[in-house]
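A.B. asks: Here's a structure for you.
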C-alpha cells in the first residue's frame, strides 16, 4: 500500500473507532440502567424515546448545561488535567484491539485494527498502568479529605490488581507464543474433535479467565470492588468535587475501560472473532465482526449482572483478597501452564 | 540516520540534570527522583550501544537496571516515610542532628 | 530524515522535562515532569527498535515506580521547598560545576565515538530472543535479582510499618 492510502485508511479507521466507542459507552450506560432496573424489579428509563433509547442523548445535553464549579484552593492545572488523562488513556487502548479479519476493498487489504504492533498486549497493559494517574491526581488536587482518601484507595486498589491481571495473561501468552493480539486470536482457530472450538478458555485457561475477570472488576472500580466511589462510603470518592463535563469525562473513562476489558477478554480467552461462517461472500466478511461484538456484549452483560447482584467488599478484605489469594493463584496457574506446555512440546 | 553520539549526548544530558538536581534540591523526594533520572540516562546509553553493536545483552542489562531502580525506590521511600514520622520534616538540611 | 526529526522532538521533550524537574519547587510538579521524561524515553527506545524495553519502561517505570513516588508525595503532603544557607551554596557552586563537567563529557563523546549512524529499529529479534538470553546466558543475575527484590519488599514493609503499641494490646487481651 502506498503511504497516502495507508494514512487515509488509518484516519478513517480512527474516526470510525472513536465514534463507535463513544456511542458504545453511551449505550452501555443505558444497558446498565435497564438491566439493573429489571434486576431490582423496576423498569429503568422508559420515557425518553422507545424503551428509553434516547436517554443517553438527554444525559449528554444535561451534562453540557450543568454549572461547572471549581472549588477554591484546588491545584488548578492538575484539577483540570486529571479527567482528561483518565479519558485519554481509556480511549487510547482501542488502537491495538482487532475486531475482525481482513477486509478487501478495491484490491486493498485492510486489517480491522488500527495498528498491529508485535507487543500489542503490553501496550494495553501499559496504558492501563498509566490510567492510575488520572484517579490519583484527581483525588489529590481536589483539596478535600473525601477525595484524597478515595483517590488513594482507588489507586492502591488498581495498582494491586494490575499484578494479578498481568500474571493471568502470561498463561495465554505461553500458549500463543506471541504478544501480538492478532496472533493470539489466530492461535485459537480450529476445533477439537470437530465441534468444541479451540478457545483458550477450553484449552485449560479457565482459572486464568476467572482471575482475569475478578482483577478486571477491581481495575475498573466496579462492584464488588467499588468501595472508593460508593456513595454511602466516601461521598463519591475521587470525583466528589467534579461537576458537569469533567464528571462526565470520568464517567466515560470508566465505561470505556469496561469495554476495553471486555474486548480484551474476548480476544484472549473466547477466541476473538472465530465462529461459524455461512452465506454469501459479503456476509462472510462481516460475520466475524458480528461474533466478536456478540461476545463483547455477553461480557458486558455479565459485568452489569454482577453489579446488580453482589454486595461490595470492605477495603481490607479487598486488598487481602488481591494480594493473598489472587496473586498466588495466578502464579500457580502460570507455573502449571508452563509445565504442561513444556512437557507436551 | 542519527549518529550514535547524539543518543549518548542525550543520555549524558539527562545524567547531568540528575546530578544537578541531586546537588541543589533540598526536598528528599526530589533528590530520589534525580537519582531515577540518572538511572534513566544510563539506560538510554545501554540501549543505544546495544543497537549499534547488534548485541542484545545491552537490552537485557536494562531490565536489571530497572529492577534495581524499583527495589531502591521502594526501600528509599519507606525510609523517607520513617524519617518523616520521627522528624516531621522533608528538608534534608533540617535532618542534621543524631538527636531527635 | 524522519528519524532525525523524531529523535530531536522526543529528545527536546526529555531535556525540557529534566530541566523542569530541577526548576520546579513543588515535588508533585517534579514528579509529573519525570513521568514525561520517562514517556519520551520510551519513544526513543522505540526509535532504536527496542520495543520490549519501551513497553517495560512504560509499565514498570512510568506506571508503577512513579505512581509510588506520587503516592508518597500525596501521603506526606509535601509542600513547596524552602531555601536554606546550604541550598544557596549548592546552587552557586553546583550548577556551574556540573555544567562544566557535562560540557566536558559531551565534547569527549562527540570527538571520540565518531559519526557512525544508527538505523531506525536496528535491534534484531522479537521478545522471544530476549527471554532466551535472560534464561540461558543471564540466569544467575536473574535469580540474584529476584532475591534482591524479595529483600527489598521485606525491608520496605518493615521500615514503613507503624510502630506497634504493646501496652494497649495487653490491656484489651
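Throughout, read-outs are computed from the coordinates displayed, never taken from laboratory work. From a predicted model like this one, the values you see are computed outputs, not experimental measurements. So basically every Cβ, Gly included, is an ideal-geometry build from the backbone, and we count neighbours across all protein chains shown.
A.B. asks: What is the fewest-to-most order of C:44, A:32 by other Cβ atoms lying within 10 Å of their Cβ?
C.D. replies: Ascending Cβ contact count within 10 Å gives the list A:32, C:44.
A.B. asks: Alpha carbon centre of region A:211-281 versus region C:26-98: separation in Å?
C.D. replies: One Cα centre to the other: 30 Å.
A.B. asks: What are the extents of the Cα atoms of the protein assembly as shown along their three principal axes, listed from largest to smallest and rounded to whole Å?
C.D. replies: 78, 67, 53
A.B. asks: On to the next question. Obtain the nm distance between the two label points defined at residue C:77 and residue A:316 by a simple spin-label model: each point lies 7 Å from its Cα along the Cα-to-C-beta direction.
C.D. replies: With each label placed 7 Å out from Cα toward Cβ, I get 2.4 nm.
A.B. asks: Then there's this: What's the exposure ranking of C:138, A:102, going from fewest to most Cβ atoms within 10 Å?
C.D. replies: A:102, C:138
A.B. asks: Compute the normalised compactness of region A:41-193: alpha-carbon radius of gyration over 2.2 N^0.38 Å, N being the residue count.
C.D. replies: 1.42
A.B. asks: Could you check the simple spin-label distance between residue A:305 and residue A:54, using points 7 Å along Cα→Cβ, in nm with one decimal?
C.D. replies: 3.2
A.B. asks: For the ranges B:74-86, A:77-89, what's the packing order if you count other beta-carbon atoms within 10 Å of each residue, average per peptide, and put the highest first?
C.D. replies: A:77-89, B:74-86
A.B. asks: Need one value for A:174-183: mean number of C-beta atoms belonging to other chains within 10 Å of its residues' C-beta atoms.
C.D. replies: Mean shielding count: 1.
A.B. asks: What average count of beta carbons from other chains do you get within 10 Å of the Cβ of residues in A:152-163?
C.D. replies: On the way: counts 3, 0, 0, 4, 2, 0, 1, 5, 0, 0, 4, 1.
Average neighbour count from other chains, rounded to a whole number: 2.
A.B. asks: How far apart, in nanometres, would the label points at residue C:5 and residue A:116 be if each is projected 7 angstrom from Cα along the Cα-to-Cβ direction?
C.D. replies: In this crude spin-label approximation the distance works out to 2.8 nm.
A.B. asks: Against the longest principal axis of chain A, how steep is helix A:206-219, in degrees 0 to 90 to the nearest 10, with axes from Cα atoms?
C.D. replies: That works out to roughly 30 degrees.
A.B. asks: Next question. Quote the FRET efficiency, to the nearest 0.05, computed for residue B:68 versus residue A:106 with a Förster distance R0 of 51 Å and r equal to the Cβ-Cβ distance. Intermediate results must be reported in sequence, preceding the final value.
C.D. replies: Values: r = 54 Å, r/R0 = 1.06.
Computed FRET efficiency for residue B:68 and residue A:106: 0.40.
A.B. asks: So, one more: Under the rule a/c < 1.5 gives rounded, and otherwise a/b versus b/c splits prolate from oblate, where does region C:1-79 land using the Cα gyration tensor?
C.D. replies: Taking the square roots of the gyration eigenvalues as a ≥ b ≥ c, region C:1-79 is oblate.
A.B. asks: Same structure, new question: Restricting to DSSP H runs of at least four residues, report the calculated mean residue ellipticity at 222 nm for the protein assembly as shown, -39500 (n - 2.57) per run over all residues, nearest 500 deg cm²/dmol.
C.D. replies: -23500 deg cm²/dmol
A.B. asks: Compute the acute angle (0 to 90°) between the alpha-carbon long axis of helix A:132-141 and the principal axis of greatest extent of the alpha-carbon atoms of chain A; round to the nearest 10°.
C.D. replies: 10
A.B. asks: What ranking do A:337, A:220 get, fewest neighbouring Cβ atoms within 10 angstrom at the top?
C.D. replies: Result, fewest neighbours first: A:337, A:220.
A.B. asks: Another one. Cα extents of region B:4-94 along the three principal axes, largest first, in whole Å?
C.D. replies: 51, 24, 8
A.B. asks: Using Cα atoms only, what is the angle between the long axis of helix A:3-39 and the major principal axis of chain A, expressed in degrees (0 to 90) to the nearest 10?
C.D. replies: On a 0 to 90 degree scale, this one is about 60.
A.B. asks: Comparing A:107, A:237, A:308, which has the greatest mean-square fluctuation in the GNM of chain A with Cα pairs linked when under 10 Å apart?
C.D. replies: Evaluated over chain A, the most mobile residue of the options is A:107.
A.B. asks: May I pose another question? Rg to Rh for region A:3-344: what is it, with Cα atoms only and Rh by Kirkwood?
C.D. replies: With Rh from the inverse mean 1/r over Cα pairs, Rg/Rh is 0.98.
A.B. asks: Here's another thing I want to ask about it. Using a 10 Å cut-off on Cβ to Cβ distances, tally the other chain neighbours for every residue of A:111-121 and report the average as a whole number.
C.D. replies: 2
A.B. asks: Between region A:1-42 and region A:132-178, what's the alpha-carbon centroid distance in Å?
C.D. replies: 24
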